[in-house]
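Single-structure report; data block below.
The values are calculated or read from the model by the stated rules, or taken from the named source; none is laboratory data. Computed from a prediction, not measured in an experiment: that's the story for all the values here. A quick note on method: Cβ atoms are made from the backbone with ideal geometry, for glycine too, and the neighbour counts reach across all protein chains shown.
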Amino acid sequence: MKMVNCKVIGSVLLAAICASACAQQQAWDELRNLPFSENYPTNAASDRLYDEMLFHRATQVVGWSLPAMTLWYMKKGSEDQFGAGSNVLVIWKDRLSAETIVSTPNSDVIYAMGYIDLKEGGPTVVEVPPEQQGILDDFWQRPLCDVGYVGPDKGEGGKYLLLPPDFEGDSPEGYFTFKSPTYNVFVFWRAFRDKGTGDATEAVALMEQTRIYPLSMKDNPPEMKFPNGSGQPANMVYPRDYSYFEGLAEFIDEEAVDKEDWSMRGLLASLGIKKGKPFRPDDRMKEILSAGAEVGMKMCEALRFGDKLPDTKYWPDRQWHNVLNVLDVEFKTDSTINVDARIGMFMIGYSISPAMVMNMVGKGSKYPFAYRDAGGDYLSGGSTYKLNIPGPVPAANFWSITLYDAANASGLQNGQPFPSIGSLDKLKHNDDESLDLYFGPELPEGVPASNWRRTVPGKGWFVLFRLYSPTQPFFDDSWRPGDFEKIN
């Protein structure tokens, strides 16, 4: 009986695959066979093909613009909740919980985020406190520099001077000086809590020594503001519908023109988005852009979660992937930009720096990423899983596993204080130092609550396994985590 069922299921699946392929072939054939009279398109064929071209341009523009739109909507969401200004540095002083909707945050460290507007303020000074780990990125998420221990100040703190893209002339001495290709600059600090107590008082106090002000106001700088982001319902992710293009039009109008992007800006212009021009699409164009945004997002998700990115697995016998499977933080190869890898990164995350991709024992961090269980099925909110982690975990600083909502890559709102678990928690270890962690909608019988994190039925989820200061066993493959084993 079981064999008959398997055959029936296999036949149904095969029929569905064939039907889908046939439908796709028919759609392509319909376009191929649109009438051309003496090699000229009919009016109907011309209209149909032009709309089809604009639709495909819209889908590709989505993938191209993801790095910028990630930060643009982070800025917009932050300003809506906490106020605008280069002197506003939001600090999640009590950790970042799932109420704040932002791509793949780490709930186990202290975050600070700010947004500098060089168009408004001109050359801007960032006074960095000592003992920081931070990044300054332009708004295409190209690193200007690492800050702190792996930056030019070497963890001692210092003054950084950021110049706008149209700056000309000599810059003053006494600063670590960087010229940004964009007017907007992302400020991102991270700090670790005390390993023993989990207290963040000292980390927050150091972050609050940050000062950001226009160089022209160095003798009378504006007062800094450090709102507490913890528990705040800020929505800092990009939309996945027509309004995505409204935000993109705002960004294009506000930002500097990078000559490397002129061709893509040409595609944008054909969609009605051009610097210095109002964005006023008619009903027909709104329909094209709505479809382009939604399908474009699904294309990017298929690339990221459909295993279309090559050679991303850390271990061939495991379901753990490398989020940043690149050597160059601007995704450059010898002759191309690796657009697929860039889409894969910015579908689920933000911020990038050289320290995030370096392979040096005891330095930087690594981010194994899993969205399938041991059997190859997607992680489901309605199922329960066991994850075995051999000990000791090769992370000299600490490690953590965070759960994310597959719908928007933000922290999974599961009703627990934080959707994460790691070495800063009081976990029950096995006799051999390994750990068994559990993930599911209900606490399994006999499992300590400390070793369990709740999932939400009906919501797909994925995890990042962060290892800070990874040690040799991670690099020589003598250590590797288990996969998520479904237990019901």
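All but one of (1) modelled with pLDDT of 95 or more; (2) crowded, with 20+ Cβ neighbours inside 10 Å; (3) part of a loop (DSSP other than H, G, I, E, B) hold for Val90; which doesn't?
The single condition Val90 does not satisfy is (3).
Can you work out which of the residues in segment 323-356 that are small (Gly, Ala, Ser) and modelled with pLDDT under 85 is farthest from Arg304 (Cα to Cα)?
Result: Ala355.
Could you list, in sequence order, all residues of segment 403-433 that are under 17 Å from Val447 (Cα atoms) and out of contact with any Asp or Glu (no Cβ under 7 Å at 6 or more places or on another chain)?
Listed by number, the residues that qualify are Gln416, Ile421, Asp425, Lys426, Leu427, Lys428, His429, Asp431, Glu433.
Restricting to segment 112-135, what's the tally of residues that are closer than 20 Å to Val150 by Cβ, buried (at least 18 other Cβ atoms within 10 Å of the Cβ) and in contact with a helix residue (DSSP H, G or I) (Cβ under 9 Å, 6 or more places away or on another chain)?
Counting residues in segment 112-135 that are closer than 20 Å to Val150 by Cβ, buried (at least 18 other Cβ atoms within 10 Å of the Cβ) and in contact with a helix residue (DSSP H, G or I) (Cβ under 9 Å, 6 or more places away or on another chain) gives 7.
Can you pull out the residues in segment 173-206 that are hydrophobic (A, V, I, L, M, F, W, C), under 23 Å from the mean Cα position of the chain (by Cα) and modelled with pLDDT of 95 or more?
Within segment 173-206, Val185, Phe186, Val187, Phe188, Trp189 meet the criteria.
Kindly provide the set of residues from segment 435-451 that are of a type in the set (S, T, N, Q) and either assigned to a strand (DSSP E or B) or touching a strand residue (DSSP E or B) at 6+ places or on another chain (Cβ under 6 Å) (or both), ordered by number. First the steps, then the outcome.
First pass over segment 435-451, keeping only residues of a type in the set (S, T, N, Q): 450-451.
The answer is Asn451, and nothing else.
Can you tell me how many residues in segment 252-273 are more than 17 Å from Phe55 (Cα to Cα), modelled with pLDDT of 95 or more and in a loop (DSSP other than H, G, I, E, B)?
Of the residues in segment 252-273, 2 are more than 17 Å from Phe55 (Cα to Cα), modelled with pLDDT of 95 or more and in a loop (DSSP other than H, G, I, E, B).
So how many residues does segment 182-195 have that are surrounded by fewer than 19 Cβ atoms within 10 Å (Cβ to Cβ) and in a loop (DSSP other than H, G, I, E, B)?
2
Would you confirm whether any residue within segment 64-81 is within 21 Å of Val323 (Cα to Cα), crowded, with 20+ Cβ neighbours inside 10 Å, modelled with pLDDT under 95 and aliphatic (A, V, I, L, M)?
No, the conditions are met nowhere in segment 64-81.
So, of the residues in segment 274-311 that are within 30 Å of Asp476 (Cβ to Cβ) and among the acidic types (Asp, Glu), which turns out to be surrounded by the fewest Cβ atoms within 10 Å (Cβ to Cβ)? Steps first, please.
Of segment 274-311, the ones within 30 Å of Asp476 (Cβ to Cβ) are 304-305, 307-311.
Still in the list and also among the acidic types (Asp, Glu): 307, 311.
Details: Asp307: 15, Asp311: 7.
So the residue we want is Asp311.
Here are some residues: Gly151, Gly155, Gly198, Gly174. Which one is in a loop (DSSP other than H, G, I, E, B), in contact with a Gly (Cβ under 7 Å, 6 or more places away or on another chain) and assigned by TED's automatic domain parsing to the domain that holds Lys93?
Gly155
Any chance you could count how many residues in segment 358-399 are among the charged types (D, E, K, R) and in contact with a Leu (Cβ under 8 Å, 6 or more places away or on another chain)?
4
If the requirement is being polar (S, T, N, Q) and more than 22 Å from the chain's Cα centre (by Cα), which of these qualifies: Ser290, Ser243, Ser353?
Details: Ser243 fails: more than 22 Å from the chain's Cα centre (by Cα); Ser353 fails: more than 22 Å from the chain's Cα centre (by Cα).
The match here is Ser290.
Quickly run through segment 1-47 and pick out the residues that are at pLDDT below 60 and in a loop (DSSP other than H, G, I, E, B).
The one that is at pLDDT below 60 and in a loop (DSSP other than H, G, I, E, B): Met1.
So, Phe305, is that one more than 27 Å from Thr471 (Cβ to Cβ), in contact with a Cys (Cβ under 9 Å, 6 or more places away or on another chain), touching a residue at least 40 places away in the same chain (Cβ under 8 Å) and not assigned by TED's automatic domain parsing to the domain that holds Tyr149 or not?
Here the answer is no, as Phe305 does not meet what is asked.
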